[in-house]
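Following: one structure in structure tokens, then a few remarks.
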Amino acid sequence: MSTVAMESAAARSLVGVRSRLLLIDGLRGVAATAIASHHFAQYWPLSSSAQPVLNNVLTWVHDYARVAQVFFVIGGFVMARSMSGRRWTGGEVGRFLVYRYCRLGLPYLAVIVLAIGACAVGRGWLPDDLVGPPPTLPQVLAHTVFLQDILGYVSLSAGLWFVCINFQLGLIYALMLWMRDAVNRRRGAVPAGWWCDVPLTAGILLSAASVFFFNLNDRWSIWWVYYFSEFFLGILAQLALQNAKAKKLFGWYILLMAAGFAFHWRWRLATSLAVGLLLYFSESRGVRRQWSKSGFISYLGRTSYSLFLIHFPVFIIVASVWIRLQLNSPSETLVGLGIAFVASLVAAAAFYRLVEESAARLSRAVA
């Protein structure tokens, strides 16, 4: 191949990767913005004071903007692309855990510190069920190992449950890949049928259990198995782009998900299925080429995790100021909600630069 042809191929590859990332950035940005809006529509006292002006809007956002499942589908899609082609040993799993803790956990711990400080400012001014009592040492320690919900402690900030579940799902997928390679080493060859492929076989069985049992009972929502079907949808969407075996399974999996919300309607499952199909067809049919190249969308996607984490302490500070200044009219409260939202975007950009990027560099270095 000539130098010109090689450069042209490399350029096309770079454009393709960037287009794909723009789509994922867009989905992440929209999801993070929706979740922040959902929380702002939920938290008193600003949301209650704004009801006379935005009653229908706040109700709709509260009911339908809780879309954390989008991140689980995207997470499975991205993990399958970066992890499924590697060989996994026990040491690889250990390094992956350290990587994930640095990547997810360090920003999570940083925002816990900020949330504790923000709640201290708001305590006495804001409702007790919003700011909570001062944290205890066991409560803080439980947070550091992602076990606060499992051990029954009150969360120190909004959305921290998502980080815990995301960490659990990543660990489960790494263990599935480790089991795959352990089986392959013992057999001396790669299994021929999908039923011999540990991640696919276990994934289908666990997803069926998740859709028809675990996901129907909220007491399981503190465990990865409650969300596994959505996570595995992203994994299978990515694997379906790589081989015909997984592509056939992806078709059957779509029917499984559809049967799940036909059996018992769940907005979360329907949204997840739409996102999984979008990710698959954007790659296989070239839809991603039509995706917006907006710099703002790309920015929202890059800072989506920071926005997801930081918006709660920002809201607490703004709400505390508004209550202290007795800005209680619907129009004044509406201004406060707008300021809290814009301040969250600004804070997310700063948090991304100062904390999340540093955590990402450290995670790559230690892994």
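The values are calculated or read from the model by the stated rules, or taken from the named source; none is laboratory data. What you see is a predicted model; the values in this text were computed from it and never measured. Here the Cβ positions follow ideal geometry from the backbone for every residue, glycine too, while neighbour counts run over all protein chains shown.
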(request) Among the candidates PHE296, PHE341, PHE308, single out the residue that is loosely packed, with under 13 Cβ neighbours inside 10 Å and aromatic (Phe, Trp, Tyr). (result) PHE296
(request) Could you check how many residues of the range 118-146 are surrounded by fewer than 13 Cβ atoms within 10 Å (Cβ to Cβ) and assigned to a helix (DSSP H, G or I)? (result) 4
(request) Could you tell me whether ILE323 is buried (at least 16 other Cβ atoms within 10 Å of the Cβ) and more than 19 Å from ALA41 (Cβ to Cβ)? (result) no
(message) With the requirement that a residue be crowded, with 18+ Cβ neighbours inside 10 Å and farther than 14 Å from ILE235 by Cα, what does the range 69-99 give you?
(response) TRP88, PHE96, TYR99
(message) When you scan the range 260-271, do you find a residue that is at pLDDT 85 or above, under 22 Å from ALA31 (Cα atoms), surrounded by fewer than 14 Cβ atoms within 10 Å (Cβ to Cβ) and not β-branched (Val, Ile, Thr), even just one?
(response) yes
(message) Let me confirm something: among LEU46, LEU21, which residue is more than 21 Å from the chain's Cα centre (by Cα), surrounded by 14 or more Cβ atoms within 10 Å (Cβ to Cβ) and modelled with pLDDT under 75?
(response) LEU46
(request) Scan the range 147-180 residue by residue and report those that are under 20 Å from HIS38 (Cα atoms), of a type in the set (Phe, Trp, Tyr) and buried (at least 17 other Cβ atoms within 10 Å of the Cβ). (result) PHE162
(message) For the range 91-147, give me each residue that is among the aromatic types (Phe, Trp, Tyr), farther than 16 Å from ALA360 by Cβ and within 19 Å of the chain's Cα centre (by Cα).
(response) PHE146
